[in-house]
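In what follows, a structure is listed as structure tokens, so that the remarks can point back to it.
The values are calculated or read from the model by the stated rules, or taken from the named source; none is laboratory data. Computed from a prediction, not measured in an experiment: that's the story for all the values here. With ideal geometry, Cβ positions are generated from the backbone for all residues, glycine too; neighbour counts draw on all protein chains shown.
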Amino acid sequence: MRKSVRLADIAEPLGVSTVTVSKALSGQKGVSDEMREKIVALADELGYRQPSAVKKSLSEGSYNIGVLMHEKYFDKYASFYMQIYQQITVKAGLKNSFTLLETVNSDMERALEMPKIIQEKKVQGFIVIGRLDDKYIKHLEKSSNMPVIYVDFFSDTNKCDAVISDNFYGAYTLTSYLIEKGHRDIAYVGTVLSTASITDRYLGYVKALMENGIAIRDDWKIDDRHIETGKVDEERLIKLPEDMPTAFFCNCDLVASMLIRKLQNKGYRVPEDISVVGYDNYLYPGLCNVNITTYEVDIKEMARKAVDNLIDKIKGIKGRESVSIIEGHLVEKDSVKNLVL
């Protein structure tokens, strides 16, 4: 039988008292927001649940929040969405609520099979992280009769509440940064139309080039994933062009790390010979020997906004359905060479 988690098991690694842990988990004052987040995150990781949690009624403001993600987003290294999920769990905990995660697969989408947490009414509302099939989304909305928030995408056909990062402006900012550093031959790596994020980032890249009188080249638009499955295919899709640019804009840091490895295998040095930028400011440790200049997504703010909006909807607080765009910022590292003399 699994040993129950005590307050002391949470307090000891963080160097705080059990009283501090108790205050943080029960929403009392006297604990900084930073420490409260650490306590809630560790409590969730250890599987701790307050003894009184199951007894609290909805009127007391404690909710079970479902989180749905497609299994294709659980790739060994593609854990960006898991970072979002962890932050959603933390933000829900700060609201005295709990998250239940369930994965969705392609068979479920085709069969329009409802997730068990919704079928069994284990949650009062749910958050979808990452795009699911449009027909499946419509079925979820119609059949669940529950509040829903989308994160990192939004439904193109339905009015919805969604929280996304500023993909268009972020990509525009990064591409403009490359141009300021003297680069005019810039390729884009990402399968356009495979996800809304990748498409919006491509459009931001295009805007920056057009504003600076730089031609858009089809041979410098490089696919990185299968459009049907969304799976990144480093070997068959990420191909170096015959006419090499001076810089590559990659739609995420994971793909940037793969491209850098390909460049280095061909004898190119980054950034001495070729510059590379990514997106997200998240990469599994040890995947790349170059610190990649990138655009950091504000995951904490996206998670806070998603949780707050969902709880408002659960409570019946009316508001206009809208897409909330969360701004990030450029993070300058070591992967770009300044060509301006």
Inset, instruction - Could you tell me whether region 292-310 includes any residue that is exposed (fewer than 15 other Cβ atoms within 10 Å of the Cβ) and within 20 Å of residue 200 (Cβ to Cβ)? - result: no
Legend entry - Residue in region 259-268 that is modelled with pLDDT under 95, touching a strand residue (DSSP E or B) at 6+ places or on another chain (Cβ under 7 Å) and either surrounded by 17 or more Cβ atoms within 10 Å (Cβ to Cβ) or in the same structural domain as residue 93 (by TED's automatic domain parsing) (or both) present: no
Inset, instruction - Please go through region 322-341 and pick out each residue that is part of a loop (DSSP other than H, G, I, E, B), touching an Asp or Glu at 6+ places or on another chain (Cβ under 8 Å) and under 18 Å from residue 282 (Cβ atoms). - result: 327, 328
Legend entry - Residue, surrounded by the most Cβ atoms within 10 Å (Cβ to Cβ), within region 182-223, restricted to residues that are under 18 Å from residue 170 (Cα atoms) and among the acidic types (Asp, Glu): 200
Inset, instruction - Under 9 Å between Cβ atoms, at least 6 apart or on separate chains: pull out the pairs that start in region 265-277 with a residue that is at positive phi and end on any residue that is at pLDDT 95 or above. - result: 267/273
Legend entry - Residues satisfying the stated conditions in region 104-139, i.e. touching a residue at least 24 places away in the same chain (Cβ under 8 Å) and assigned to a loop (DSSP other than H, G, I, E, B): 105, 112, 114, 115, 122, 123, 124, 130, 131, 132, 133
Inset, instruction - Output yes when any residue across region 311-321 is crowded, with 16+ Cβ neighbours inside 10 Å, farther than 23 Å from residue 192 by Cα, in the same structural domain as residue 192 (by TED's automatic domain parsing) and not hydroxyl-bearing (Ser, Thr, Tyr), and no when none is. - result: no
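When you scan region 1-20, how many residues do you find that are under 16 Å from residue 89 (Cβ atoms) and at pLDDT below 80? Give the derivation first.
So the first thing to find is which residues in region 1-20 are under 16 Å from residue 89 (Cβ atoms), and the list is 5, 10.
Now narrow it down to the ones that are at pLDDT below 80: 5.
Residues meeting the conditions: 1.
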Legend entry - Residue that is modelled with the lowest pLDDT, among those in region 21-38 that are surrounded by 12 or more Cβ atoms within 10 Å (Cβ to Cβ) and touching a Lys or Arg at 6+ places or on another chain (Cβ under 9 Å): 27
